[in-house]
Amino acid sequence: METIRDIKRRISSVKNTKKITRAMKMVAAAKLQNSQKKARNAKPFFNRTRRILSDVYKFSQQKDDHPLLHKSDGDHNLLLIISSDRGLCGAYNAKIIEEAQRFLKENPNTEIYALGSNARNYLKRRGHVFIKEYEQIDDYPGFYFAYQLSEEIIEIFKGKKFKQVNVIYTHFKSAISQKVKNITLLPIDADEIDYELQEKGEDVSEEHVDYIFEPSVKKILDLILPKYVSNTIYSVLLESKASEFGSRMTAMDAATENANEMIDDLTLSYNRARQASITKEITEIVGGAEALK
C-alpha cells in the first residue's frame, strides 16, 4: 500500500510531466501555424504548374514519348517514405509504417528512399532494401532540398530499373485530422491532374485550344515535368511536417489532460490517506487516554 509520502512524490512527478507536455503542445502549435502558412503561400504556384502541364498534355497535337510520362521496362518499384525523426506524435508514424508494409507486401520487388528515421529504423530491422536515407529533416523544408531530391529520383527513374515511383506521406486536413496517402509520383499521369484540381476546387480547361508550341512539345515537357515532380515533393514534405506537428499537438494535449486527471485522482487518494492517518492517530490517542483511566 502506498504511503502518503509516495503519493505526494507521484503527484509532484505528474505535475512536472504535465509542464513538459503542455510546453511541447505549445511549441507544436506554433510550428504547425508556420507550416500551414508556408503551404498556403506555395499552393498557387503548385496549382498553376499543374494547370500548365495539363493544358500542354491535353491540347498538344503531338505527344512525344517522354520518359517521365510512361512506365519503363523495369521490374522494380521505388518507394519514397516520409516519416518523422522524433516521436511523441501519437499514431503518426505507426500509420505510415502500416501503409508501407501493405505496399511492400503487394510489391516485393521494391527498394526504398527514406526521409525520417522512424519508418526507416522499423523497416530496416525487417531486412528491406534502402537506396538512400535522409535524417533530421528541417521543420520547414526548403524548396532547394525538394528540388535536389526530385533530381535524384528522376535520374534513378530514367535508368529504367524502376517502372514506378510511389510516395507514402501524411496528408494534412486539420490539426486533429490527418490521412496517410500513397500516390504515384512517376510516371506522371497527366490525365489525373484535372481530377486533382477539380477536387481542390480549381478551374480546369475544358475547351480545346490549338496552341503553337515553341520550340517543341518535348522541350516544353522537359522543362515542365521536372518542375511538376519537384513541386509535388515539396508539397508532400510541407504536408507531412504539418501533419507531424498537428499529430504531436493533439497527442500532447491528450497527455496534458491525462496528467490533470491523474493529479485529481492522486490528490483524492492523498487526502483519503491523510484523513485515514489522522483518524488513526486520534483513535490511538483516545484509546490511550481511556486506558489510563
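Taking a ≥ b ≥ c as the square roots of the Cα gyration tensor eigenvalues, with a/c under 1.5 meaning rounded and otherwise prolate when a/b beats b/c, else oblate, which class fits the chain? In terms of gyration-tensor shape, prolate.
Among the lysines, select those whose C-alpha is under 27 Å from the C-alpha of Lys280, and discard any that sit fewer than 8 residues away in the same chain. Straight-line reach from Lys280, under 27 Å: Lys8, Lys293.
When each of the peptides 113-122, 126-135, 17-26 is scored by the mean number of other C-beta atoms lying within 10 Å of its residues, the order from highest to lowest reads 113-122, 17-26, 126-135. Only the Cβ atoms of Lys and Arg (+1) and of Asp and Glu (-1) were treated as charged; on that basis the dipole of the range 27-249 about its Cα centre amounts to roughly 960 debye. Mean residue ellipticity, 222 nm, helices only, the chain: the sum of -39500 (n - 2.57) across DSSP H runs of n ≥ 4, divided by residue count and rounded to 500, is -22000 deg cm²/dmol. Across the range 168-176, coupling constants 3J(HN,Hα) worked out from phi with the 6.51/-1.76/1.60 Karplus curve, θ = phi - 60°, read 10, 8, 10, 7, 8, 9, 7, 4, 10 Hz, and Gly and Pro carry x. Cross-link check: pairs Lys71/Lys105; Lys25/Lys241; Lys124/Lys173; Lys71/Lys158 evaluated at a Cα-Cα cut-off of 19 Å; pairs beyond the cut-off: Lys71/Lys105; Lys124/Lys173. Near the amide H of Val180, within less than 5 Å, lie the amide hydrogens of His171, all on another chain or at least 5 residues away, with H placed in the peptide plane.
Every pair of different Cα atoms in the range 77-193 enters the Kirkwood calculation, which places the hydrodynamic radius at 14.9 Å.
Once you reduce the range 124-167 and the range 235-256 to the center of their Cα atoms, the two points are 22 Å from each other.
From the Cα gyration tensor of the range 1-97, with a ≥ b ≥ c the square roots of its eigenvalues, which class applies: rounded if a/c is under 1.5, or else prolate if a/b is larger than b/c, or else oblate? It comes out oblate by the Cα gyration axes. Measuring nothing but how far apart in sequence close Cα pairs (under 8 Å, 6+ apart) lie, relative to its length, the range 27-249 scores a relative contact order of 36 percent.
No value in this document is a laboratory result; all are computed from the given coordinates. This structure is a prediction, so every number in the text was calculated from the model and none was measured. Note: ideal-geometry Cβ built from the backbone for every residue, glycine included; neighbour counts use all protein chains shown.
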